[in-house]
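Each remark here refers to the structure printed beneath this line.
The values are calculated or read from the model by the stated rules, or taken from the named source; none is laboratory data. Note that the coordinates shown come from a computational prediction; the quantities given were computed from them, not determined experimentally. Using ideal geometry, Cβ is built from the backbone for each residue, glycine included, and neighbour counts are taken over all protein chains shown. The protein model used for the area step is the full one, side chains on, heavy atoms only, and it has no ligands, DNA or RNA in it. Shrake-Rupley method; radii C 1.70, N 1.55, O 1.52, S 1.80 Å.
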Amino acid sequence: MSQSPANSQKTGSLITEWRPEEPAFWQTKGHPIARRNLWISVPCLLLAFCVWMLFSAVAVNLNKVGFNFTTDQLFMLTALPSVSGALLRVPYAFMVPVFGGRRWTAFSTGILIIPCVWLGFAVQDPTTPFSVFITIALLCGFAGANFASSMANISFFFPKSKQGGALGLNGGLGNLGVSVMQLLAPLAISLSMFAVFGGTGVEQADGSMLFLENAAWVWVPFLAILTIAAWFGMNDLATSKASLKAQLPVLKRVHLWIMGLLYLATFGSFIGFSAGFAMLAKTQFPDVNILHFAFFGPLIGALARSAGGAISDRWGGTRVSLYNFIVMAVFSALLFTTLPHNGVGGNFIAFFGVFLMLFLTSGLGSGSTFQMISVIFRKLTMDRVKAQGGSEEQALREAATDTAAALGFISAIGAIGGFFIPKAFGTSLALTGSPADAMKVFLVFYIICVVITWAVYGRKSAQ
C-alpha cells in the first residue's frame, strides 16, 4: 500500500510525494530521507567495486598457488569484469525507474555473493581451467553494473543544486572500494580466516602461507549485511517510476555520446588503471612488491572524484573538465620517461608518482564530467518540455528521468575503459615488450578530449 505524505519518511516505504526542488519540502522532509538513502547506497556501491576489481588482486597471485597462466591471460582476467560490467550497465541504468531503488539496490548487492563464493573455491584447485576463471570474472562484472543503477537512483533524491556533491560522494566513496579491496586483500590472504569452510592455503617458497580464497570470501558477510540494510533502510520513489520505453529516447541525444566519450577518458581511465596497474608494475619493476602500494592510486582517485563533483558545483563542470584533461595529457607524456627500456633503467618512484597523478586527475574528471551530464540533460529536457507547453512539474519529472537514464548509460560507456586499458597494456607488452605503445594511444585520446570539451562546451559561442 502506498504511504501518505505524512508517513513518507517511514523506512523501507514507497514515497508517493517527492519535490526536492521546493525549498520547504527539501528542508523539512526531503533532505533527511535523501541523506539516509545516500549513506546506505555508498557502502553498497563500495562493496560492488570491491567485487568488480577482485581479479586485479587475485590474478597477480594465481601462479603462486599452483596455476600456470601466461601474462596475457592474467591481464585478460583483470580486464574481463569490465566487459560484462560495461554491457550490463546499459540495462541496469533503466532498472531503478522500473523496479524502484530500494528493491534493485538490495537485489543487485545480494547476487554478488555468488561470484565471491565460487572464486574462493576455484583458486584452491590448481586444476581449475582458465575457462572457469573467465566465467567468474564475467560474473564479477555484475558488480560493475551496480554503479549505473546506484548513481541513477541517487540522482532522483537530490535537487539540481545538490546533485554534483551527492553524486560525487556516492561515486567517489563507492570508488573507494577499489582501494579498500587492494588494501585488505593482501592482508586477508595472509591469514587463516575461513579454515572451517575449507580454506587451507598454499605454502610459499619463504615458508609463509597464502590463503588466496580469502580475497573473495572476506566480502561475503558484508554483502549479506548491506543487502538487508538496503531492503529495510532505503526507499522507493513513486515519482521516479517510468517505463523502459519512456527512458529510451535519451539515446537519441548527441550530447549523450559526446559526454560518453569524455566520461570514458575520465572514469574509464580510473577503472582501467585500477584493474591493470598492479600487473603493469609487476612486469616493469619485478623486484617491487606492488601489492604493498597498489591501493594508493585508487584511493586518491576515489577521493578526488568526490572533490571533483563539489568543485564543479561551484566553478562549473566544463571548466574543471577542460583543465583536468590538459593535466592528464601532460602526465601521460611524462610516463614515458619513467619506463625501463629492454628491461634496463626506469625509475619506480617516478613511475609510481606519475600514475598517482593520473589516478588523481581521472578521479577529478569523473566527478566533473558527471556534474556536466546532470546539468546538460536537465536543461535540455526542461527546455523541450516547456517548449511543448508542458507544466513546470512535468518538466521537472521528465528531466529527472532523462538525467538518470543518461547518467546510467554514459557510465556504461565509461566502464569500457576497464577492459580496454589493461588489455591494451597486455597486447603492447606481448607485441613490443613495453607498455609505451598503449600509453601513446591514451595520450592522443586525452588531447582529443581537450579539443572536444573546449569546442562543444567551453567556447563562449558554445551551446
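Summary table below
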{"read-out": "Residue tally, condition surrounded by fewer than 24 Cβ atoms within 10 Å (Cβ to Cβ) and over 22 Å from Phe158 (Cα atoms), over the range 83-107", "value": "7"}
{"read-out": "Filter result for Ala145 (of a type in the set (A, V, I, L, M) and either at pLDDT below 90 or surrounded by 24 or more Cβ atoms within 10 Å (Cβ to Cβ) (or both))", "value": "yes"}
{"read-out": "Any hit, the range 57-75, residues being in contact with a Gly (Cβ under 7 Å, 6 or more places away or on another chain), surrounded by 22 or more Cβ atoms within 10 Å (Cβ to Cβ) and part of a helix (DSSP H, G or I)", "value": "yes"}
{"read-out": "In the range 3-27, the residues that are at pLDDT below 75 and either assigned to a helix (DSSP H, G or I) or open to solvent by less than 60 Å² (accessible area, probe 1.4 Å) (or both)", "value": "Gln3, Ser4, Pro5, Ala6, Asn7, Ser8, Gly12, Ser13"}
{"read-out": "First in the range 205-233 and assigned by the TED database to the domain that holds Leu191 and over 20 Å from Trp52 (Cα atoms), second anywhere and β-branched (Val, Ile, Thr) and modelled with pLDDT of 95 or more, Cβ under 7 Å, 6 or more apart", "value": "Ala229/Ile40; Gly233/Ile40"}
{"read-out": "Residue that is surrounded by the fewest Cβ atoms within 10 Å (Cβ to Cβ) [pool: residues in the range 321-332 that are under 15 Å from Ala455 (Cα atoms) and touching a helix residue (DSSP H, G or I) at 6+ places or on another chain (Cβ under 7 Å)]", "value": "Ile326"}
{"read-out": "Search result, residues across the range 348-406 that are modelled with pLDDT under 85 and of a type in the set (S, T, N, Q)", "value": "Gln371, Ser374, Thr381, Gln388, Ser391, Gln394, Thr401, Thr403"}
{"read-out": "Long-range neighbours under 9 Å by Cβ, at least six apart or interchain, first residue under 16 Å from Leu167 (Cα atoms) and in the same structural domain as Gly171 (by the TED database) within the range 23-40, second of a type in the set (Val, Ile, Thr) and open to solvent by 60 Å² or more (accessible area, probe 1.4 Å)", "value": "Arg36/Thr11"}
{"read-out": "Tabulated pairs, the range 435-452, first within 18 Å of Tyr263 (Cβ to Cβ) and open to solvent by less than 20 Å² (accessible area, probe 1.4 Å), second of a type in the set (Ser, Thr, Tyr) and in a helix (DSSP H, G or I), C-beta under 7 angstrom, 6+ apart or interchain", "value": "Phe442/Ser332; Tyr446/Ser332"}
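Here's the yes/no breakdown for (1) part of a helix (DSSP H, G or I); (2) open to solvent by 10 Å² or more (accessible area, probe 1.4 Å); (3) over 21 Å from Ile421 (Cβ atoms):
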{"residue": "Phe232", "(1), (2), (3)": "yes, yes, yes"}
{"residue": "Thr239", "(1), (2), (3)": "yes, yes, yes"}
{"residue": "Ser274", "(1), (2), (3)": "yes, no, no"}
{"residue": "Pro286", "(1), (2), (3)": "no, yes, no"}
{"residue": "Ala294", "(1), (2), (3)": "no, no, no"}
